[in-house]
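The values are calculated or read from the model by the stated rules, or taken from the named source; none is laboratory data. The model shown is predicted, which means the values in this text are computed figures rather than measured ones. Cβ: placed from backbone, ideal geometry, glycine included. Neighbour counts: every protein chain shown.
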Amino acid sequence: MPFADLNGARIHYELEGPKNAPVLVFSNSLGTDLTMWDGQAAEMAKKFRVLRYDKRGHGQSSAPAGPYTIEKLGRDAVALLDFLNFDKVDFCGLSIGGQTGMWLGTNAADRLKKLILCNTSAKIGTHDGWNQRIDTVRKEGMKVVAPAVMERWFTPAFRAKEPDPVAKTQRMLESANPEGYAGCCAAVRDFDAREKLSGVRTPTLVIAGTHDPATPAAEGRWAAEHIPGSQYVELDAAHLSNIEARDKFTAAISKFLAA
């Protein structure tokens with residue numbers, strides 16, 4: 001099980017696919033771990049060297065004292081690329097992972113070939129909303145917030161039709177480190193890239209979910225309109241579109257990366 005000690009954190013990562021293939025990085029959402037990309041990793045590893053990692057505070061990575069910032073998470077990603085001797089990569093991030101991608105696009109564009117921003121926004125939520133969630137998980141733990149989060153992550157139809165992946169994802173969320181989760185909540189709370197997206201020059205695909213209440217499709221469209229030359233795809237899904245609309249999500253990123 002590989003780990004890298006970077007910027008005061010121990011980062012857990014996994015590599016799959018041909019060693020000399022182009023590198024595709026997947027960055028997970030808030031409260032999940034790298035297994036959220038299981039539906040994409042095997043397929044994409046046929047043509048790419050797939051790098052998945054648990055951001056600090058998540059999965060099997062360590063949870064240094066917070067709060068964190070999106071810049072810190074972005075610098076962790078760059079440090080991991082340096083550690084693995086990867087120069088330029090394709091980067092796909094969802095939610096907070098997408099905000100990490102926005103930071104990379106505006107601060108480390110020399111490390112990117114293509115950028116995929118999924119179910120994310122240049123500004124997510126309100127200060128008060130995030131502070132309330134931070135207080136709740138610190139006082140009462142992750143299981144208290146899990147039911148409401150699952151309602152945002154998957155549509156009612158998917159939750160009824162596919163209970164197994166929903167249950168697996170809920171267990172993932174409930175087992176998240178509360179302090180690591182709170183640290184990343186603060187990172188999302190304090191991030192605002194609305195004035196910076198027009199500076200992204202990396203070829204970009206924005207993916208949104210029609211039924212996503214956390215980062216509505218309108219915000220995805222707004223991001224796509226402000227990133228020069230970007231493409232936009234909207235899927236019939238809620239927040240975790242890569243799980244709910246797995247095949248169409250994988251097809252969309254495959255087509256974009258192959259172009």
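Tabulated data
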read-out	value
Number of positions in the range 12-36 that are hydrophobic (A, V, I, L, M, F, W, C) and touching an Asp or Glu at 6+ places or on another chain (Cβ under 8 Å)	4
Output for the range 57-91, where each listed residue is surrounded by fewer than 17 Cβ atoms within 10 Å (Cβ to Cβ), more than 18 Å from Phe26 (Cβ to Cβ) and among the polar types (S, T, N, Q)	Asn85
Residue within the range 125-142 that is in contact with a Pro (Cβ under 9 Å, 6 or more places away or on another chain), in contact (Cβ under 8 Å) with a residue 60 or more places away in the chain, closer than 28 Å to Glu14 by Cα and buried (at least 21 other Cβ atoms within 10 Å of the Cβ) present	no
Filter pass, Thr106 being of a type in the set (S, T, N, Q) and buried (at least 17 other Cβ atoms within 10 Å of the Cβ)	yes
Contacts under 7 angstrom Cβ, first residue in the range 219-248 being more than 20 Å from Asp192 (Cβ to Cβ) and among the β-branched types (Val, Ile, Thr), partner in a helix (DSSP H, G or I) and at pLDDT 95 or above, 6 or more apart	Val233/Ala252; Ile243/Met36; Ile243/Gly39; Ile243/Pro165; Ile243/Thr169
Residue in the range 47-69 that is at pLDDT 95 or above, farther than 28 Å from Arg152 by Cα and not basic (Lys, Arg) present	yes
Tally, over the range 155-181, of residues that are under 16 Å from the mean Cα position of the chain (by Cα) and either more than 17 Å from Thr136 (Cβ to Cβ) or surrounded by fewer than 14 Cβ atoms within 10 Å (Cβ to Cβ) (or both)	2
Asp54 being more than 18 Å from Pro203 (Cβ to Cβ) and surrounded by 16 or more Cβ atoms within 10 Å (Cβ to Cβ)	yes
Flag for Lys114 being at pLDDT 95 or above and more than 30 Å from Arg201 (Cα to Cα)	no
Helices (runs of 4 or more DSSP H) enclosed by the range 92-177 - at least 3 residues per element that are over 21 Å from Val23 (Cα atoms)	127-140, 142-153, 156-161, 163-174
